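Take a look at the structure below.
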Amino acid sequence: MRVPFIKMHGLGNDFVVLDAREQNVPAISAAIAKAIADRREGIGCDQLILLEPSATHAFRMRIFNSDGGEVEACGNASRAVALLHGDSADVETQGGAIRISPRDGGAVVDMGVPRFDWDAIPLAYAMDTAAMPVGWSGLETPMAVNVGNPHAVFFVEDADAADITTLGPQIEHDPIFPERVNVNVASLVGENHLKLRVWERGAGLTRACGTGACATAIAAMRRGLVGRQATVSLPGGDLVIEWDANDRIQMAGPATEAFRGTFEWNDYA
C-alpha cells in the first residue's frame with residue numbers, strides 16, 4: 001500500500017509526519033521507523049512523527065527517533081504539528097499533554113511543568129539534580145531536568161568549543177541515566193540570551209532541539225543566569241522560552257512544511 005507523508009522541519013530539525021487520524025497507517029516498529037529515517041535509503045529525517053486519534057485529547061502524537069526508538073517529547077515537532085493542524089489543540093504525548101497554538105509561521109507550545117526530582121529524570125540513584133556531582137572530560141556538574149524527556153544541561157564559557165561529538169554519546173549512554181539522556185552544552189552570550197548545542201538521544205548532534213532549548217533555559221533560570229524569558233540560539237535558529245507564572249514552559253518559534261509525497265510501505269516493512 002502507498003502511504004502519504006508530510007516532510008517538515010523546525011529550525012532544520014526535520015520530520016516525516018504520518019497522519020493516521022483519518023487514514024490507515026500500518027503498525028510502526030523500530031525497524032520501520034529507522035528505515036524511513038535513513039537519509040541514504042529512506043526518506044530521511046531526525047524523527048518520524050505519527051498522529052493518531054485520542055480518546056482524551058484532540059489527537060495523539062507519537063515520536064520515533066532516527067535510531068527507531070520511541071521517545072516521549074519533541075518540541076520542534078510539536079510546532080510543526082501545530083502548523084499542520086492549523087488550530088489550537090491539546091495533544092496527547094508519552095511525556096504528557098501539551099497545548100499547541102499556531103502563530104506567525106510557527107507556533108507557541110505549552111510544554112507543561114518541568115520536573116527536577118532525581119527519579120523523575122530519571123537517574124540511577126538519588127542526587128542533587130541542580131548540580132549533579134559528576135563530570136566527563138571538562139563537562140562537569142550538569143543540571144538534570146525532565147521537560148517531557150530527560151536532559152542534562154552543562155554551562156560552559158564557549159559552547160562551540162565543547163567536544164560534544166565525542167562526549168555526547170558517552171554521556172547519553174552513561175549508566176547514571178537508565179533511560180539515556182539528551183546532552184545540552186550552553187553558554188551565556190548576552191542578557192537573557194543563551195547559545196546551545198545539543199546531542200539528542202537517539203538522533204545525535206542536531207541543528208535544533210526544542211525540548212533541549214526548554215531544558216537549558218529552565219536550568220539557566222534556576223541558576224540565576226537569565227530571567228523568566230530567554231532567547232536560545234541553536235545552529236538552526238532561535239527559540240524564545242518563557243517559564244510563566246504557573247511554572248509552565250512556553251516555547252515559541254518557527255516551523256516549516258517542506259514537501260509532501262507518498263511511499264510504498266512494503267519498501268520499509
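Express in nm, to one decimal, how much length is gained between ARG2 and ARG223 on full extension, taking 0.36 nm for each residue of separation and deducting their alpha carbon distance.
74.5 nm
How large is ³J(HN,Hα) for each residue in region 56-67, as worked out from phi by the Karplus curve 6.51 cos²θ - 1.76 cosθ + 1.60 (θ = phi - 60°), to whole Hz, x for Gly and Pro?
Result, ordered by residue: 10, 9, 4, 6, 10, 10, 10, 10, 10, 6, 5, 8 Hz.
What list of whole percents do you get for P(r) of the chain, with Cα-Cα distances grouped in 10 Å bins up to the one holding the largest distance?
7, 32, 37, 19, 5, 0
From the helices alone, meaning DSSP H stretches of at least four residues, give me the mean residue ellipticity at 222 nm for the chain, per-run term -39500 (n - 2.57), in deg cm²/dmol to the nearest 500.
-4500 deg cm²/dmol
Taking θ = phi - 60°, what integer Hz values does the Karplus form 6.51 cos²θ - 1.76 cosθ + 1.60 yield along region 157-167, in sequence order, with x for Gly and Pro?
In residue order, the calculated couplings are 5, 9, 4, 5, 7, 6, 7, 6, 5, 7, 7 Hz.
ASP14's amide H: which non-local residues (gap 5+, or another chain) put their own amide H closer than 5 Å, with H modeled 1.01 Å from N in plane and none for Pro or chain starts?
When sequence neighbours closer than 5 places are left aside, the close amide H contacts are ASP46, GLN47.
Under the Karplus relation 6.51 cos²θ - 1.76 cosθ + 1.60, θ = phi - 60°, what is the ordered set of whole-Hz ³J(HN,Hα) values for region 256-268, x standing for Gly and Pro?
9, 8, 8, 6, 10, x, 9, 9, 7, 4, 5, 5, 10
How many nm is it between the label spots at SER29 and GLU264, if each spot is 7 Å from the Cα in line with the beta carbon?
Distance between the two pseudo-spin positions: 1.9 nm.
Readers should treat all values here as calculations from the given coordinates under stated rules, not as data from a laboratory. The model shown is predicted, which means the values in this text are computed figures rather than measured ones. Note that each Cβ is placed from the backbone with ideal geometry, even for glycine, and that neighbours are counted across all protein chains shown.
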